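Q: Just dropping this structure here.
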There are 2 protein chains.
Amino acid sequence: MALAEVTGSLLTDALAEIASDVDADFDALLPQTGDARARLVEAMRYAAIGGGKRIRPLLLTATARLYGVDRDAAVRAGVAVESIHVYSLIHDDLPCMDDDALRHGKPTVHLTFDEATAVLAGDALHALAFEILADAAVSADPFVRVELLRTLGEASGLRGMAGGQMMDLVAETSSFDLPTITRLQQLKTGALLAASVEMGAILGHVPPEGRTHLRGYARDVGLAFQIADDLIDREGDASVAGKAVGKDEAAGKQTFLTLLGPDRAREQARMLVDQAIAHLADYGSEADLLRAIARYIVERDH
Amino acid sequence: MALAEVTGSLLTDALAEIASDVDADFDALLPQTGDARARLVEAMRYAAIGGGKRIRPLLLTATARLYGVDRDAAVRAGVAVESIHVYSLIHDDLPCMDDDALRHGKPTVHLTFDEATAVLAGDALHALAFEILADAAVSADPFVRVELLRTLGEASGLRGMAGGQMMDLVAETSSFDLPTITRLQQLKTGALLAASVEMGAILGHVPPEGRTHLRGYARDVGLAFQIADDLIDREGDASVAGKAVGKDEAAGKQTFLTLLGPDRAREQARMLVDQAIAHLADYGSEADLLRAIARYIVERDH
């Protein structure tokens, strides 16, 4: 078998495995309540189970594996990150935000349920992320749990994802230059992807000074991911993407693509992937999955 | 001076002090960013600074004081709870939720800014709560921080506030009995009030088995608080309450008041306050502030 095929199968297996593990964890964490909260639990389960590529838990578990971390613990921490990601999609899809009708090939939460339930389901998944990380199932060491919580909190809020989403709203009516768009994307998408890698290293007890290469990898992967997303929005097929496409252009939104054009954007994404992989030079074959994830991120079509 | 006057001044001073300390902390935690996130920071500051009675931080610091906890640390933990409370008000006031125009005597966040900014400001304040508690400024002991995070996470999500809000939505179209209304209120309002007391005890290194009386106090105070809120909604003055009143009746919502009637509800609230104070029998004058808070909770007009 050629190396590309081995890597391909490594990635395919890892994607299937993480999807199944994340679904199982959400299923266990969100049992029905049998009371008037039932609709909320249904909405949370509808959004959290059975959709998405689970890139963030995959990055977290692939990083944790470098350091021999127990897989169940790493998956659980990955589910916390995914819980934040899912809540942000629910709120992003609201009529007052992006007003989207389709997510992961299904009608969005506010259409399947209603807007109020969608707001609450997002809020409850947000809280769930922190409940998960405060629990001993993630790590017996309270310092590790606090570090995970600190990392995820910072990546989610004003100094991370929520801050980037605000910049994204402003981008619809303002003219941003490339450094500002880069900053926007680092906050909006990059922060949570970087936190996933960082949290894998925290579970592996890697001290901050030992995370430099992993942080470089995560930063480059994050930007490549966003450029790939922009390309999918411009050139993708809604039935494959599982969500509406062509929205950035319709909204007149500044993206990497509008600033660089498709050819240079594609080239930039490939360069970022090479750079991401170069950051892993000190690691052997145990980092092959992280390398495969980097390549997958620009080659995916959804 | 009569005892009532001493207690009154103790409470008045404590209310003024906590209001000023919470404002100062939010001011320090939310500096302007000088970039496209400025509008988000403004909305967060608009909602978080200069409004509300700060009952939750007051309960937390008053409990922490029983055990000689450093005041700055207790205030900081109280600001985390208040951050959750403020985010929940912003989301609650949204057009798709309660559609309120007035909060703490000011136009609500979505009217002053816009709906998308209001959703994001709530989300970012939600994340801020967890960032605060993961930081060493709250406690040098990571186990204490994890316990605070676990307690607040559980009180905020499906098994706490968000779950109660879902039941509250259902209450508008369903007929609930008294035990169900009690459960609803314990989740919607009680969970965060109880968490405030619990977190004060956690900061004081009180083991769970030593918190029984405090938990009893918190549970009774939480229910009394909600009955008082129902009475303010029915009989209060919007200009004093700083928010719209008469909304429950207009929405046909089941509350303690609709089930008990005003006289029995008022009597029940007073009984709960007596019961709350009885839980503090083992404490001396150091618990006078907690006793005064319990009385204030049913006597307030906003």
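Q: Return the residues of segment A:111-145 that are part of a helix (DSSP H, G or I), over 20 Å from the mean Cα position of the chain (by Cα), touching a residue at least 12 places away in the same chain (Cβ under 8 Å) and more than 8 Å from chain B (Cβ to nearest Cβ); say none if nothing qualifies.
A: Scanning segment A:111-145 gives A:THR112, A:VAL144.
Q: Return the residues of segment A:7-28 that are surrounded by fewer than 20 Cβ atoms within 10 Å (Cβ to Cβ), in contact (Cβ under 8 Å) with a residue 24 or more places away in the chain and under 30 Å from B:LEU184 (Cα atoms); say none if nothing qualifies.
A: Once the filter is applied, which keeps residues that are surrounded by fewer than 20 Cβ atoms within 10 Å (Cβ to Cβ), in contact (Cβ under 8 Å) with a residue 24 or more places away in the chain and under 30 Å from B:LEU184 (Cα atoms), segment A:7-28 yields only A:ASP23.
Q: May I pose another question? Need the failing condition index for B:THR61 against (1) crowded, with 18+ Cβ neighbours inside 10 Å; (2) under 28 Å from B:MET167 (Cβ atoms); (3) under 14 Å from the mean Cα position of the chain (by Cα), just the number.
A: Going through the list (1) crowded, with 18+ Cβ neighbours inside 10 Å; (2) under 28 Å from B:MET167 (Cβ atoms); (3) under 14 Å from the mean Cα position of the chain (by Cα), B:THR61 breaks only (2).
Q: Being in a helix (DSSP H, G or I), over 30 Å from B:THR108 (Cα atoms), within 21 Å of the chain's Cα centre (by Cα) and of a type in the set (Lys, Arg) narrows it down to one residue among B:ARG266, B:ARG234, B:ARG291; which is it?
A: Unique residue meeting the criteria: B:ARG291.
Q: May I pose another question? Given the conditions (1) touching a helix residue (DSSP H, G or I) at 6+ places or on another chain (Cβ under 6 Å); (2) in a loop (DSSP other than H, G, I, E, B); (3) modelled with pLDDT of 85 or more, and given that A:LEU257 satisfies all but one, which numbered condition is not satisfied?
A: Exception for A:LEU257: condition (2).
Q: Confirm whether B:GLN185 is touching a residue at least 40 places away in the same chain (Cβ under 8 Å) and facing chain A (nearest Cβ under 7 Å).
A: So B:GLN185 does not fit the description; no.
Q: Here's a follow-up. Do the conditions hold for A:ALA36, that is, is it over 26 Å from A:VAL221 (Cβ atoms), crowded, with 19+ Cβ neighbours inside 10 Å and either modelled with pLDDT of 95 or more or more than 16 Å from the chain's Cα centre (by Cα) (or both)?
A: Against the criterion (over 26 Å from A:VAL221 (Cβ atoms), crowded, with 19+ Cβ neighbours inside 10 Å and either modelled with pLDDT of 95 or more or more than 16 Å from the chain's Cα centre (by Cα) (or both)), A:ALA36 qualifies.
Q: Quick one: A:GLN165 ticks every box in (1) crowded, with 21+ Cβ neighbours inside 10 Å; (2) in a loop (DSSP other than H, G, I, E, B); (3) at the interface with chain B (Cβ under 8 Å from one of its Cβ atoms) bar one, so which box is it?
A: With respect to (1) crowded, with 21+ Cβ neighbours inside 10 Å; (2) in a loop (DSSP other than H, G, I, E, B); (3) at the interface with chain B (Cβ under 8 Å from one of its Cβ atoms), A:GLN165 is out only on (2).
Q: Now, a different point. For segment B:99-107, state whether one or more residues are surrounded by fewer than 22 Cβ atoms within 10 Å (Cβ to Cβ), within 8 Å of another protein chain (Cβ to nearest Cβ), free of Cβ contacts under 8 Å to residues at least 12 places away in the same chain and closer than 25 Å to B:GLY242 by Cβ.
A: Checking segment B:99-107: not a single residue is surrounded by fewer than 22 Cβ atoms within 10 Å (Cβ to Cβ), within 8 Å of another protein chain (Cβ to nearest Cβ), free of Cβ contacts under 8 Å to residues at least 12 places away in the same chain and closer than 25 Å to B:GLY242 by Cβ.
Q: Let me ask you something else. Among (1) more than 14 Å from chain A (Cβ to nearest Cβ); (2) surrounded by fewer than 24 Cβ atoms within 10 Å (Cβ to Cβ); (3) in contact (Cβ under 8 Å) with a residue 12 or more places away in the chain; (4) closer than 29 Å to B:HIS205 by Cβ, where does B:ILE49 come up short?
A: Single failed check for B:ILE49: (4).
Q: Looking only at residues in segment B:247-258 that are surrounded by 16 or more Cβ atoms within 10 Å (Cβ to Cβ) and in contact (Cβ under 8 Å) with a residue 24 or more places away in the chain, which one is nearest to B:PHE176 (Cα to Cα)?
A: Here the answer is B:GLN254.
Q: Which of (1) in a helix (DSSP H, G or I); (2) of a type in the set (Val, Ile, Thr); (3) more than 14 Å from every other protein chain (Cβ to nearest Cβ); (4) surrounded by fewer than 24 Cβ atoms within 10 Å (Cβ to Cβ) is the odd one out, the single condition A:VAL170 does not satisfy?
A: Going through (1) in a helix (DSSP H, G or I); (2) of a type in the set (Val, Ile, Thr); (3) more than 14 Å from every other protein chain (Cβ to nearest Cβ); (4) surrounded by fewer than 24 Cβ atoms within 10 Å (Cβ to Cβ) one by one, A:VAL170 breaks only (3).
Q: Within the set of pairs 6 or more residues apart or between chains, which connect a residue that is under 25 Å from B:LEU89 (Cβ atoms) inside segment B:189-216 to a residue that is of a type in the set (A, V, I, L, M) and modelled with pLDDT under 95 with Cβ atoms less than 8 Å apart?
A: Note: pairs meeting the criteria are B:GLY190/B:LEU223.
Q: Okay, next question. Looking at (1) in a helix (DSSP H, G or I); (2) surrounded by fewer than 18 Cβ atoms within 10 Å (Cβ to Cβ), which is the one condition that is false for B:ALA281?
A: (1)
Q: Could you check how many residues of segment B:86-110 are outside any helix (DSSP H, G or I) and closer than 13 Å to A:VAL119 by Cβ?
A: Final tally of qualifying residues: 7.
Q: Taking the conditions exactly as written (aliphatic (A, V, I, L, M), more than 14 Å from chain A (Cβ to nearest Cβ), assigned to a helix (DSSP H, G or I) and closer than 23 Å to B:LEU152 by Cβ), does B:LEU15 satisfy them or not?
A: Against the criterion (aliphatic (A, V, I, L, M), more than 14 Å from chain A (Cβ to nearest Cβ), assigned to a helix (DSSP H, G or I) and closer than 23 Å to B:LEU152 by Cβ), B:LEU15 qualifies.
The values are calculated or read from the model by the stated rules, or taken from the named source; none is laboratory data. The shown structure was predicted, so the numbers you read here are calculated from the model rather than taken from an experiment. Cβ: placed from backbone, ideal geometry, glycine included. Neighbour counts: every protein chain shown.
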